[in-house]
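Comments concern the structure below.
Values in this text are rule-based calculations from the coordinates and carry no lab data. Keep in mind the model is a prediction, meaning the values are calculated, not measured. We place every Cβ from the backbone using ideal geometry, glycine too, and count neighbours over all the protein chains shown.
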Amino acid sequence: MEKISTDYLVVGSGAMGMAFTDVLLAETKANITIIDKHHQPGGHWNDAYPFVRLHQPSAFYGVNSKKLGNNSIDSTGLNKGLYELATNSEVCGYFDQVMQRQFIASGRVQYFPSCEYLGNGRFVSLISKDEYQATFKKEVDSTYMNVMVPSKRPPPFKIEGEANCTAINGLPDLKQQYSDFVIIGAGKTAIDAILFLLKNGVKPDSIKWIMPRDSWILDRSHIQPTLESVGKLFTNQIIPGAESKSIDDFFERVSKAGGLLRIDENIKPTMYRCSTVTKSELKELRRIKNVVRKGRVKIINDKEILLDGGSIPTTLETLHIDCAGDGLAKRPPKKIFSSRKITLQSVRTCQQVFSAALLGFVEASFEEDEKKNELCKPVPHPNSDIDFLRNTIADALNQESWINEPILSRWLEESRLNPQSHILKGSFAFKVLSIINKIPFIQLSNSALEAQARAQETIKQLLETEEVDNYTNSNKIN
């Protein structure tokens with residue numbers, strides 16, 4: 001058994017592990033050992049379907065020290081007019097370059113791919129079976145978010161007889177033609193599957209969409225590193241939300257203003273998982289008229305699909321595409337900094353790489369775990385519509401803590417993983433205004449600040465009217 005000594009033992013070289021390591025490498029002189037079960041860095045990107053793209057701009061994805069893509073605007077396709085979205089292969093290639101040309105080249109990072117972590121510093125090669133024992137000052141768990149793609153787990157329903165079923169990864173390499181397609185799932189993976197089929201000439205009438213829950217969806221034009229995007233966010237989401245009288249009224253107002261999208265305007269969604277689309281993609285999705293809302297699939301056999309709320313017919317000429325399950329589940333929050341253990345989690349809703357990078361900076365810049373945890377309260381991945389409100393408040397509380405720490409505020413101003421930094425850097429006028437006001441962020445007008453504060457207060461009041469005890473207990477940090 002080979003023995004290794006290191007300052008930080010990072011378990012997982014996925015996006016969060018890479019983003020954390022990148023900042024730690026830049027801000028400290030620590031030695032770092034990274035182990036991962038995959039043969040190359042990138043985590044779940046190594047397992048994802050080949051036609052997947054980032055769902056948010058490449059401009060603020062990856063690691064802090066290296067740009068992903070060219071910050072260009074797409075001139076064609078369903079993302080036309082918005083910042084580019086890196087492909088699967090581009091993301092994997094990017095993380096491999098960061099590992100080889102920056103991390104390992106620094107002389108301070110050891111990388112052990114294709115290894116299984118056994119705990120307590122022990123790990124074993126999945127290829128050679130060589131065993132290793134690491135002694136470390138701190139262990140960093142970057143796998144807690146537990147990203148899972150459909151191709152890496154069995155379907156969450158039974159398949160009987162000769163029924164045809166595949167994970168979304170199988171779509172580009174089908175060995176035969178099918179008369180019909182059934183998409184199972186309501187999240188972003190299902191959306192990608194439908195858009196892939198339509199792009200490749202499948203008629204909308206040949207597609208059936210099993211949607212256990214309707215979802216609120218974000219408009220990608222509101223998630224751009226531009227001043228216009230910030231303006232849309234205020235106009236379409238914050239201002240309408242500030243006037244709400246109830247939770248239902250909140251979603252109706254925001255939806256009417258375009259701050260949240262949905263597949264069917266006549267159905268109130270109960271799910272929210274940060275899925276993003278463009279208006280062009282939404283138009284394509286609405287071409288699918290055969291939408292089944294009978295709950296989750298339980299069994300697929302040669303002649304029918306059994307669901308929680310009934311059954312629908314199927315045939316052996318139909319391909320069922322598994323897009324079900326939680327790719328990024330809502331995990332119970334844990335203390336991020338706990339003595340010799342760091343458990344990476346989101347501290348801003350659905351911004352995992354930004355969160356990991358910020359955690360790396362906090363680890364490098366502050367001494368006491370109590371202070372670090374005060375600055376970095378976990379924000380669980382959302383699942384339900386009410387989580388949109390809860391996470392809005394959680395994000396605001398964390399943001400307030402960060403801007404009150406000068407060293408952290410300065411880092412946020414410069415971090416490419418923080419969308420606000422792109423707006424500040426891109427506008428000399430805003431930079432001057434920021435300096436004058438001694439606030440390293442975009443200085444909003446008084447009316448905008450008032451609307452933001454009013455919206456947050458409204459959301460707090462709305463949440464107080466709901467039965468939130470179960471949520472509070474289930475999200476208690478352990």
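Couplings 3J(HN,Hα) of the range 266-278, computed from phi: 8, 10, 7, x, 10, 10, 8, 9, 6, 4, 10, 9, 8 Hz, in residue order, whole Hz [Karplus 6.51 cos²θ - 1.76 cosθ + 1.60, θ = phi - 60°; x for Gly and Pro]. Rounded to the nearest 20 debye, the dipole magnitude of the range 292-386 is 200 debye, with +1 charges on Lys and Arg beta carbons, -1 on Asp and Glu beta carbons, and the Cα centre as origin. Projecting the Cα atoms of Thr458, Phe250, Thr6 onto the dipole axis of the chain, where Lys and Arg carry +1 and Asp and Glu carry -1 at the beta carbon, places Thr6 farthest toward the positive end.
For Ile267 and Ser75, what does the FRET efficiency come to when R0 = 35 Å and r is the distance between their Cβ atoms, rounded to the nearest 0.05? E between Ile267 and Ser75, to the nearest 0.05, is 0.55. Close amide H contacts of Phe157 (hydrogens built in the peptide plane, cut-off under 5 Å, sequence separation of 5 or more or a different chain): none are found. Only the Cβ atoms of Lys and Arg (+1) and of Asp and Glu (-1) were treated as charged; on that basis the dipole of the range 6-82 about its Cα centre amounts to roughly 220 debye. Mind giving me the nanometre distance, one decimal, between the label points for Asp173 and Asp7, set 7 Å out from Cα along Cα→Cβ? If labels sit at Asp173 and Asp7, their model points lie 4.2 nm apart.
Derived scalar couplings between HN and Hα for the range 380-385 equal x, 4, x, 9, 10, 4 Hz in order, rounded to whole Hz, by the Karplus curve 6.51 cos²θ - 1.76 cosθ + 1.60 (θ = phi - 60°), x for Gly and Pro.
Stretched out straight at 0.36 nm per residue, the stretch from Lys66 to Ile407 would grow longer than its current Cα-Cα span by 120.6 nm.
A crude spin-label estimate for the pair Ile393 and Ser89, with each label 7 Å from Cα along the Cβ direction, gives 4.7 nm. Taken about its Cα centre, the chain carries a charge dipole of roughly 400 debye when the Cβ of each Lys and Arg holds +1 and the Cβ of each Asp and Glu holds -1. Amide H contacts of Glu304: Thr314, each under 5 Å away and 5 or more positions distant or on a separate chain (H built 1.01 Å from N in the peptide plane; Pro and chain starts excluded). Take the Cα of Glu252, step 7 Å toward its Cβ, do the same at Ile104, and the gap between the two points is 5.9 nm. For the range 343-387, the spread of Cα positions along the three principal axes, ordered from largest to smallest, is 37, 19, 13 Å. Placing unit charges on each Cβ (+1 for Lys and Arg, -1 for Asp and Glu) gives the range 308-350 a dipole about its Cα centre, and among Thr349, Leu319, Ser338 the Cα reaching farthest toward its positive end belongs to Ser338. The three principal axes of the C-alpha atoms in the range 176-224 carry coordinate ranges of 39, 23, 17 Å, sorted with the longest axis first.
When cysteine pairs in the chain are screened for C-beta atoms closer than 4.7 angstrom, the residues that find no partner are Cys92, Cys115, Cys165, Cys323, Cys376. The alpha-carbon positions of the chain define a convex hull whose volume is 156 Å³ per residue. Calculated translational diffusion coefficient of the range 258-352 (37 °C, 0.692 mPa s; Stokes-Einstein with Kirkwood radius over alpha-carbon pairs) equals 189 µm²/s.
For the range 137-149, backbone phi angles converted through the Karplus equation (6.51, -1.76, 1.60; θ = phi - 60°) give residue-by-residue couplings of 7, 9, 9, 10, 9, 9, 9, 4, 5, 6, 5, 9, 9 Hz, Gly and Pro being listed as x.
With the convex hull constructed from alpha-carbon coordinates only, the range 327-407 shows a mean projected area of 5.4 nm² over all directions.
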